[in-house]
Amino acid sequence: MMSGFIGLCRREWLEHRGGFLWAPASVAAVIVVAVVLVLIVGELDLARVDLDLDISEAPGSNTEIRIDGEDTSIRDLVDGWLAHHEWTDETLSAHLATLRRGVAEPFHYVYFIVLVFVLLGALYDDRKDRTVLFWKSVPVTDTETVLSKLVTAVWLAPAATIAMVLAVQVFLLTVISGLAATHETLSIWPIWANSGLFIGLVELLAGYLIQGLWALPVTGWLLFISAAVSRGPFLWALFAPAALVVLEALVGLTPAVRDFIHDHLAFRALPRARPGDEDVLEHSATGLGDSIGLLVTVDLWVGIAIGAAFLAGAVHLRRTKNEI
Amino acid sequence: MTAVVAQNLTKQFGDVRALDGFDLTVEPGQIVGLIGPNGSGKTTALKAILGLSRLDGGELEVFGLNPPNQRRDLMRRTAYIADIGILPRWMRIRDLLTFVASVNPAFDRNRAEAALANTEIRPEKKVGTLSKGMTVQLHLAIVLAVNAELLVLDEPTLGLDILYRQRFYDALLNDYLAERRAILVTTHEVREIEHILTDVVFIDRGRTRLHLGTEELAASFAKVLANAERSDALRAMNPLSERRSLHGLEFIFRDASRQALADHGEVSTPSLAELFTAVMEER
């Protein structure tokens, strides 16, 4: 039973390794290459930069930057900034936390896009290429099949994303340490001590875990559509609810469907989306206590119930609808 | 235990009655050929037996199980090929074998690998790189490596050239001789499989027209080759069918005395293909 489920999850991972692993790996590679390029270019003296930035007229600003035909480089500018900043544990920790979360951001969005397409294809692609009859020739239940697809995409695949985020964070801290080595105002040990790497990792793990529960109405809906339609799952997933909302408006009913979708479904799968535009990941990032706090909100459990209903529908359709 | 017991199965698709009182039994050790023209309900019957679709009526048990409701238990005892050579193209053969082994305790990986060792199929290749014939070999190697009590094959040689067809049935027969499991195979090409069957079931318009052990063929059916002047006498004996051939008229009789027939012409045993045509023409 359990080894069968692991086998199903492994199958999912293999099929979508491109999205689950190589997509975040590419984001990491782009960031690393970009930083290395900046480091190389940054060492070069930019030939006689004539920079005359006068932003003193901007409200609340009295800054004037004037570089008159001196040989300078990005490195010089960074050095200047590092040297003249007041570095305490608090300011360091705050700057590094911003960096840590900023770096994670593109990974969240790439994962979200991958998630949507993987789930929409999960119970559709094998009906389209007719391999569904092969998958059904092994002794697993349709419930196990559907759950393995959900669990792999929602709770296992983020491990690769999180690993890549962590790798890029460590890389950036190493670069910063290298830059700091030449400054007396900043030393290496406080950088790593205030990096928040470990708490950041816990935040990411807890964030994705709870985000997975939070997004269940949307992921359930995507799997349901994937099992239900004969063509165009993406359009169905998007336009079926949109059509309902429009129909409701045309008929002149009170917008119950619209409100329901708005309150309980829409954008739940987005990392930056929960009622009041708070970010689940950021929310949980302020502390594990808040993550766990989300677990006891009614909203979350209503969402889980809706998601479970969609999943039950997906399982039922998987059992009866083999062909396109 | 009887592998398959199907009685009076019915299934309707819109206006079409795909199954209309279909009966079938498959006993352990039998190789049953389910033979019928295209659209006669063969695939619908197999899908019901495999629990892939629900019936509108009738009674169906496979190893005493209800196929659609107990699919997992059913798939532990039944192996099938429903769509020959349709395997996940993105998957490496090694990973495919690992997958089947992880979800199916009845799968003997060594046996599948031994079967593949005799072919040009390399485990590190992706399924998508294989030719149609090789994909079929792979599919068969996987399915035959499952220690199943019942093997179900739906048109297993569709789209294959003659060489692969022959090899396919040779492999199937070798496997049967080693394992003695029940096999249920459908085809619209009688000639291809008549030499390996223990039983034939003719199906037409969703209904079982004939269920016969191939060993009973000679006892139950006779073919008479006669001259035109004998034809009226033979027609009076109520033949199943009559057709003109190069050498005269050919009549096929069911349950007729061979001695009585011998007075009118040359008596022999019809082939399954001839019998199939006769039964289908009888309507």
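Tell me which residues come under 5 Å, amide H to amide H, from B:G58 once H is placed; ignore anything under 5 positions away on its chain.
Excluding prolines and chain starts, which carry no amide H, the hits are B:T10.
Which of the three applies to region A:158-233, rounded, prolate or oblate, going by the alpha-carbon gyration tensor with a ≥ b ≥ c and a/c under 1.5 meaning rounded?
prolate
Under the rule of at least 5 residues apart or a separate chain, name every residue whose amide H is placed under 5 Å from the amide H of B:R209.
Placed amide hydrogens put B:F202, B:I203, B:D204 under 5 Å from B:R209.
Within 10 Å of each Cβ of B:85-91, how many other protein chain Cβ atoms are there on average?
Mean partner-chain Cβ count within 10 Å for B:85-91: 5.
How much of the DSSP beta bridge set in chain B is antiparallel, as a percent to the nearest 5?
Taking every DSSP beta bridge with both residues in chain B, the antiparallel ones total about 65 percent.
Listing B:L34, B:L87 from the residue with the fewest other Cβ atoms within 10 Å to the one with the most, what is the order?
Sorted ascending by nearby Cβ count, the order is B:L87, B:L34.
Across the residues of A:5-14, average count of Cβ atoms on other protein chains within 10 Å?
Per residue, the number of nearby Cβ atoms from other chains is 4 on average.
Taking the Cα centre as origin and putting +1 on Lys and Arg beta-carbons and -1 on Asp and Glu beta-carbons, what dipole magnitude results for the protein assembly as shown, to the nearest 20 debye?
2540 debye
Would you mind classifying chain B by shape? Square roots of the alpha carbon gyration tensor eigenvalues, ordered a ≥ b ≥ c; an a/c under 1.5 is rounded, otherwise it is prolate if a/b is larger than b/c and oblate if not.
Since a/c reaches 1.5 and a/b is larger than b/c, the shape of chain B is classed as prolate.
What net charge do the residues around A:T320 carry, taking every other residue with its C-beta under 11 Å from that of A:T320, with Lys and Arg at +1 and Asp and Glu at -1?
+2
For the residues A:F239, A:F117, A:F310, A:F198, what sequence is obtained by ranking on other C-beta atoms within 10 Å, fewest first?
Result, fewest neighbours first: A:F198, A:F239, A:F117, A:F310.
Count the DSSP beta bridges whose two residues both fall in region B:101-217, then state the antiparallel fraction as a percent rounded to the nearest 5.
Of all bridge pairs located within region B:101-217, approximately 60 percent are antiparallel.
Where a Cα-Cα gap under 24 Å defines reach, which lysines qualify for A:K149, not counting those fewer than 8 residues away within the same chain?
A:K128, A:K136, A:K321, B:K126
So for the protein assembly as shown: antiparallel DSSP bridges make up what percent, rounded to the nearest 5?
70 percent
Could you give me the ³J(HN,Hα) list for region A:139-145, computed from phi with Karplus coefficients 6.51, -1.76, 1.60 and θ = phi - 60°, whole Hz, x at Gly and Pro?
Values, residue by residue: x, 10, 7, 5, 4, 4, 4 Hz.
Quick check on the exposure proxy: order B:D170, B:D23 from fewest to most C-beta atoms within 10 angstrom.
Result, fewest neighbours first: B:D170, B:D23.
From the backbone phi of region A:237-251, what are the Karplus-calculated ³J(HN,Hα) couplings (6.51 cos²θ - 1.76 cosθ + 1.60, θ = phi - 60°) in whole Hz, Gly and Pro given as x?
After applying 6.51 cos²θ - 1.76 cosθ + 1.60, I find 4, 7, 8, 4, x, 4, 4, 4, 5, 5, 4, 4, 5, 5, 6 Hz.
With an 8 Å cut-off on Cα pairs and a minimum separation of 6 or more residues, tell me the relative contact order of region B:4-205 in percent.
33 percent
Is the protein assembly as shown rounded, prolate or oblate when judged by the Cα gyration tensor, a ≥ b ≥ c being the square roots of its eigenvalues, rounded requiring a/c under 1.5 and prolate requiring a/b larger than b/c?
It is prolate, given that a/c is not under 1.5 and a/b is the larger ratio.
No lab work stands behind these numbers, since they all come straight from the coordinates. Treat the numbers as computed from the prediction; the structure is a model and nothing was measured. Cβ sites come from the backbone with ideal geometry, for glycine too, and all protein chains shown count toward neighbours.
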